[in-house]
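Working notes for the structure below.
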Amino acid sequence: MAWFKTDDSFGSHPKVLALPRGAARMRSVGLWTLAGTWAAKQETDGHVPAYMIEELGGTKADAKRLVDVTLWEVTDTGYLFHDWAEYQPTSSDKESDREAARERMRKLRAKKGPKNAGTTGDSEDGSEDVRANKDRSSENVRSTPTRPVPDPTAAAAADAAAAVDSHTTTDLPGPVAILATKLAQHTPLRGLRWDLPTEKLDRITTCVTEHGDQALVDNALATLRTPAPTYASAFLGNWEAMPPPGQRLALVAQRLCDVHGTRLTPSGNCSSCAADAKVGGDR
């Protein structure tokens, strides 16, 4: 289990206090925390891809505030925690720890001999590896909290991921993998295949980047026909035809009457002028 370390004085740090008070600060700190746990688990050394901001419940404005106070830095593909290696273990540190643990286990098994080579030290005979854990002699054991915080979303995430056929999503780009998992949460789309040509995966990635994964899910459900398609690329045409986010109808310039200053009708007439003409005719 990976851990994201936060100092107990983080809440009073000048960078945090520089964030706008109220909901804006809470949103940005919440995004910072969620992104930190994600980066620690994925061992990205503090890098957070841009597409993960929305996935974690944040917005570009939340991320910009973190950049403004230098808690984050902008990269070509997203954001980077400032001085990650100074406060968090790096991926190379974790790999070194894992290799050290594997080496200790190899030496222990070699010492115990062939008879017990397949055991893991769970016996009740007071074997060395059990005693070592009790004594907390390992640096890893000493630095690991004794009461891990349970992840309430782990089971739900696992169920969603299991709904997607693993052999079709092994090498999907990050944004497409998230989209595939979200689509699989809907029964009619659970059997979609994702073993697609690279060219189509790139086009789907572009759609996710432009519209966000939830907009593509909504579009797929709205355009779904029976029977459901076999390949996810069947929705690609509809996704690429979606209007750019935020596109609105062009505003029609308002035309005003030169005499009364009132707004003209679409046909260019002024109701006040028409009323004046009618009164003049009655005379």
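The values are calculated or read from the model by the stated rules, or taken from the named source; none is laboratory data. Every value quoted in this text rests on a predicted model; they were computed, and no experiment measured them. FYI the Cβ positions are ideal-geometry reconstructions off the backbone, even for glycines, and counts take in every protein chain you see.
When the residues of segment 84-121 are filtered to those that are of a type in the set (A, V, I, L, M, F, W, C) and within 30 Å of the chain's Cα centre (by Cα), the one that is modelled with the lowest pLDDT is Ala85.
Looking at this structure, is Arg106 charged (D, E, K, R) and free of Cβ contacts under 8 Å to residues at least 12 places away in the same chain? Here the answer is yes, as Arg106 does meet what is asked.
One line per residue, one yes/no per condition, for (1) over 30 Å from Ile178 (Cβ atoms); (2) at pLDDT below 80:
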{"site": "Lys200", "(1), (2)": "no, no"}
{"site": "Ala220", "(1), (2)": "no, no"}
{"site": "Thr226", "(1), (2)": "no, yes"}
{"site": "Trp239", "(1), (2)": "no, no"}
{"site": "Met242", "(1), (2)": "no, no"}
{"site": "Thr262", "(1), (2)": "yes, yes"}
{"site": "Pro266", "(1), (2)": "yes, yes"}
{"site": "Cys270", "(1), (2)": "yes, yes"}
{"site": "Gly280", "(1), (2)": "yes, yes"}
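Quick check on Glu86: is it more than 24 Å from Glu210 (Cα to Cα) and free of Cβ contacts under 8 Å to residues at least 24 places away in the same chain? Yes: the conditions hold for Glu86. Please state which one of Arg27, Arg98 is basic (Lys, Arg) and closer than 24 Å to Glu210 by Cα. Being basic (Lys, Arg) and closer than 24 Å to Glu210 by Cα holds for just one of Arg27, Arg98, which is Arg27. Taken as a whole, the condition of being of a type in the set (Lys, Arg), on the phi < 0 side of the Ramachandran plot and in contact with a helix residue (DSSP H, G or I) (Cβ under 6 Å, 6 or more places away or on another chain) does not apply to Arg102. Residue-level check: of (1) surrounded by fewer than 18 Cβ atoms within 10 Å (Cβ to Cβ); (2) at pLDDT 95 or above, Trp3 misses just (2).
Tell me which residues, restricted to segment 17-46, are within 17 Å of Trp84 (Cβ to Cβ), surrounded by fewer than 17 Cβ atoms within 10 Å (Cβ to Cβ) and touching a residue at least 40 places away in the same chain (Cβ under 8 Å). The one that is within 17 Å of Trp84 (Cβ to Cβ), surrounded by fewer than 17 Cβ atoms within 10 Å (Cβ to Cβ) and touching a residue at least 40 places away in the same chain (Cβ under 8 Å): Glu43.
Given the structure, is Trp72 closer than 15 Å to Ala2 by Cα and either loosely packed, with under 15 Cβ neighbours inside 10 Å or of a type outside the set (D, E, K, R) (or both)? First the steps, then the outcome.
Values: closer than 15 Å to Ala2 by Cα: no; either loosely packed, with under 15 Cβ neighbours inside 10 Å or of a type outside the set (D, E, K, R) (or both): yes.
Here the answer is no, as Trp72 does not meet what is asked.
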